[in-house]
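Chemist: My structure is below; once you've seen it, I'll send some questions.
Rule-based calculations on the coordinates, nothing more; no lab input. Not measured: the values here are computed from a predicted model. Don't worry about glycine lacking a Cβ; one is built from the backbone with ideal geometry, like all the others, and counts go over all protein chains shown.
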Amino acid sequence: MRPLNLEQKGLLAISVPLIIQMVLIVILIAILLDQRSNYLHEAKIREVARLAALTPKALLRCGQACVFVNLVDNPQGAKRAFESTAHLQEVANKLNQAAEGDEVLSAHTSRIDAAIRSLIQEFTQYSNEVTRPNRQIGGLDKEGMRRRLNSATDTMLAEASAIAMLENGDNQKWGHTLYSVETIIALIFVGMVLTILNSLGTAFFFNRDIRKRLDAICQNVLRISQHKSLLAPIGGQDELTALDLRFHKMARALNQASNEKKNFTELLEDQLRNPLIEFKAAVAQLLVKEANNLTDQGRDRLAGANQAAQRLIALLSELIDIENLQSGSLVLRKAEMKPADLVNQSIALLKEMALVKGCEIKTEISDNTVVTADFDRLLRVTNNLLANAIKFSHSASPIIVGYTSTTESSDHRVLKFFVQNQGKIIPEEMQEKIFQRYEQVDQKSDTKKQSGTGLGLFICKEIVEAHGGEIWVESTSAAGTTFYFTVPE
């Protein structure tokens, strides 16, 4: 049997309870229609039985009217006799109408109707005879009339009794049909149980099958970011399986691309940056040793070549550092260090640059603090921040470099470094973007005037975060621009 895909499984999980509920609804409707039919039939029997129960009373009224006519010879007696027979006939008509549509009841009411007609005929004949002038009662066939009256009365009463028995039997049957109510309750209970079981089954399916495999895919995403090998492919033949297979294929392609990128980075370092460093050293040596033997044009060209080589080496170094940081191959060499040494060495390296700009560098440091960090990497951060402060500072304005020890929580202390200058303000919308790759406040003017690459702050951010710290900037026209970064103590 071919395995179901995810769409088919979901459709099955929805359609099965729907079909069950539809079947239960159809059964319930059939039971309710049957109950309605039984109820209407029972109501018909009750109505016929009620009317049949009126026939003895109507018959008695006819008998009383006939006796009254015989005893009292007046028009009132004849009218009373006529009304009693008409009432008896009306009862018979109502019986026939009430029983219409039911074969059994119609048979009983037809016999009652025939008996009533016979009785009415006898009563009418008797009334006519006793009210006729010069009547002769003795001329009536009293014995024959008695037999016919008794026969018709017995028939009418027997049929009325039969209808009453049908009513009693139907009541008992109606009582027995209460099982249908129990059936309805049982069906509702079964439907609820099946719905609950289906819900639990669906939850089990998603939690144990889909959720488990989705977790495996999510773990693979995390493992790729951590440069770890992926988990084994998940089983099944649905959409999740196809997604996982494509993900493994993509991961292999990414690993291949990462290896090629790493090889390219090594090529840049070995075949381009190192020769450039040697070239720059040779040019610098020529400028020193052969300064007196070179013409002004020669010295200018060598100085230009030296600066171009320096910029190209800096760019290649930044690219190589970024690749090493993001690939995880850059290992921090942490050791105990004094932050004061870090600040002082950065100032010493950039002192000449500050003198050319006319900026005075001030410090706010404490010699007693010691932290564990990679001195060379943090020196790269402070050098970059201090160099940017000098580049973008107003001429002859002071630059303040220092650090303070602060407490972020009850058991976590950090060392917060800062570099402050008075110069170009960084807009608020750019204060987060400048830490992204190739982002600058004004890329056209900054790149042209300051020869920036837009990679320095990005590298600073990667180094600081590798230490477990944070880096940010605050820039206002009143307080100037201050870069901060933290290092856990």
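Chemist: What number comes out for the charge environment of Ser106, summing +1 per Lys or Arg and -1 per Asp or Glu over other residues with Cβ under 14 Å away?
Modeler: Working: positive: Lys44, Lys94, Arg111; negative: Glu47, Glu100, Asp102, Glu103, Asp113, Glu159.
That sum, taken over residues with Cβ under 14 Å, equals -3.
Chemist: Still on this structure, I have one more. Using Stokes-Einstein with the Kirkwood hydrodynamic radius over Cα pairs, what translational diffusion coefficient do you get for region 193-253 at 4 °C and a viscosity of 1.567 mPa s, in µm²/s rounded to a whole number? Spell out each step's value before the answer.
Modeler: Numbers: Rh = 12.8 Å.
My calculation gives 101 µm²/s for D.
Chemist: Here is a further query. Just from the alpha-carbon atoms, what are the Rg and Dmax of region 239-327 in angstroms?
Modeler: 21.6, 77
Chemist: How do the peptides 30-40, 269-279, 396-406 rank, highest first, by the average count of neighbouring beta carbon atoms within 10 Å per residue? Don't skip to the answer; put the middle values down first.
Modeler: Numbers: 30-40: 12.1, 269-279: 13.6, 396-406: 16.8.
Taking the mean over residues of other Cβ atoms within 10 Å, the ranking is 396-406, 269-279, 30-40.
Chemist: Something else: Mind ordering 376-386, 334-344, 351-361, 51-61 by average Cβ neighbours within 10 Å, highest first? Please report the intermediate quantities before stating the final value.
Modeler: On the way: 376-386: 21.0, 334-344: 16.5, 351-361: 14.6, 51-61: 18.4.
Ranking, from highest mean packing down: 376-386, 51-61, 334-344, 351-361.
Chemist: When you count, for each residue, the other Cβ atoms within 10 Å and take the mean per peptide, how do 470-481, 294-305 rank with the highest first?
Modeler: Details: 470-481: 14.8, 294-305: 12.3.
For the peptides 470-481, 294-305, the packing ranking is 470-481, 294-305.
Chemist: Please turn the phi angles of region 119-126 into ³J(HN,Hα) values with the Karplus equation 6.51 cos²θ - 1.76 cosθ + 1.60 (θ = phi - 60°), one per residue in order, whole Hz, x for glycine and proline.
Modeler: Using θ = phi - 60°, the values come out as 5, 4, 4, 5, 5, 5, 5, 5 Hz.
Chemist: Here's another thing I want to ask about it. Please list, in order along region 97-104, the HN-Hα scalar couplings obtained from phi with the Karplus expression 6.51 cos²θ - 1.76 cosθ + 1.60 (θ = phi - 60°), rounded to whole Hz, x for Gly and Pro.
Modeler: 5, 5, 8, 4, x, 10, 5, 5
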